1. Assuming ASN261 fulfils every condition listed in (1) open to solvent by 80 Å² or more (accessible area, probe 1.4 Å); (2) closer than 27 Å to VAL105 by Cβ; (3) outside any helix (DSSP H, G or I) apart from one, which condition is it?
2. Regarding the stretch 78-99, can at least one residue be identified that is assigned to a helix (DSSP H, G or I), of a type outside the set (Ser, Thr, Tyr) and open to solvent by 70 Å² or more (accessible area, probe 1.4 Å)?
3. If I ask for residues that are of a type in the set (Phe, Trp, Tyr) and more than 25 Å from THR96 (Cα to Cα), which ones from the stretch 13-53 would you list?
4. So, LEU176, is that one surrounded by 13 or more Cβ atoms within 10 Å (Cβ to Cβ) and not in a loop (DSSP other than H, G, I, E, B) or not?
5. Restricting to the stretch 232-257, give me the number of residues that are assigned to a helix (DSSP H, G or I) and open to solvent by less than 50 Å² (accessible area, probe 1.4 Å).
6. Consider the stretch 153-195. How many of its residues are among the charged types (D, E, K, R) and touching a His at 6+ places or on another chain (Cβ under 8 Å)?
7. Here is a check on your reading of the model: is SER53 polar (S, T, N, Q), within 18 Å of the chain's Cα centre (by Cα) and not in a helix (DSSP H, G or I)?
8. Note down all Cβ pairs under 6 Å where the first residue falls in the stretch 177-192 and is at positive phi, the second is not aromatic (Phe, Trp, Tyr), and they're at least six residues apart or on different chains.
Amino acid sequence: MMGPAHSLSGAAAWLGVGAATAAAGHAMPWPVLVVGALISAGAALAPDLDHKSATISRAFGPVSRALCGIVDDLSHAVYKATRGPGDPRRNGGHRTLTHTWLWAVLIGAGASAAAVFGGRWAVLGILFVHVVLAVEGLLWRAARMSSDVLVWLLGAAGAWIMAGVLDKPGNGSDWLFSGSGQEYLWLGLPIVLGALVHDIGDALTVSGCPILWPIPLGRKRWYPLGPPKAMRFRAGSWVELKVLMPAFMVLGGVGAAGALNFI
């Protein structure tokens, strides 16, 4: 799928989690719901770090473009080193390493560890990166028309404000993990969710997605999971734009209403 659809699906997924926790009697504080939705929306773009033309490659100028090249090379190297006898040869690393459950878990765990052990500046960095990505995905038309610096300033201001709100008692810095020193440990969860939702979205397209790597399926270690081929669509097609994106908006709205006990 394309960047906007990925970001919408990531936000909708976190809002759905919020509705589920509210139904279970453990409602999220509203700042956790909002911040988690933005983080998940941004994280839903991150698996495309292996694609030099993806939305994320433009998000941070030369830095993100260089990083995409490095991740593409790394992913390709891992693919070549681990491919099974049934896996085809490839010329690049797109939809390999960064499109797996293992990558999602490792990135989320790394973010949680950074938030806990890195202190406030690490938390601000995580929020800044994901707010910028959320703007690039959810408000892509405005982001394309505006200056990169303006988007970065918006991300920095948003990160500072959100951290200040979350730090207030009862607003969620210690949501889910309330032990001493565990503030912001939950930040990795919307990152994992966003990455996995991205992978599921790509699995619906023609090429499928090797979500289960490194678990082998038959003669393939990089098996491209997906529904039957007749049910798949091309990225950017009318199915994505006219069906899935409106559906994500509706599901996100229902999830938000449920999370805030409006329904």
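1. In the conditions (1) open to solvent by 80 Å² or more (accessible area, probe 1.4 Å); (2) closer than 27 Å to VAL105 by Cβ; (3) outside any helix (DSSP H, G or I), ASN261 misses (2) alone.
2. Yes: one or more hits.
3. Restricting attention to the stretch 13-53, the residues satisfying the condition of being of a type in the set (Phe, Trp, Tyr) are 14, 30.
Within the stretch 13-53, TRP30 is the sole residue that qualifies.
4. Details: surrounded by 13 or more Cβ atoms within 10 Å (Cβ to Cβ): yes; not in a loop (DSSP other than H, G, I, E, B): no.
Spelling it out, it is not the case that LEU176 is surrounded by 13 or more Cβ atoms within 10 Å (Cβ to Cβ) and not in a loop (DSSP other than H, G, I, E, B).
5. 11
6. Qualifying residue count for the region: 0.
7. yes
8. TYR184/ALA115; TYR184/VAL123; TYR184/SER173
The values are calculated or read from the model by the stated rules, or taken from the named source; none is laboratory data. The structure presented is a predicted model; accordingly, all values stated were derived computationally and were not measured. Cβ coordinates were reconstructed from backbone atoms using ideal geometry, including for glycine residues, and neighbour counts include every protein chain displayed. Keep in mind that these areas ignore ligands, DNA and RNA; they rest on the heavy atoms of the full protein, side chains included. Shrake-Rupley method; radii C 1.70, N 1.55, O 1.52, S 1.80 Å.
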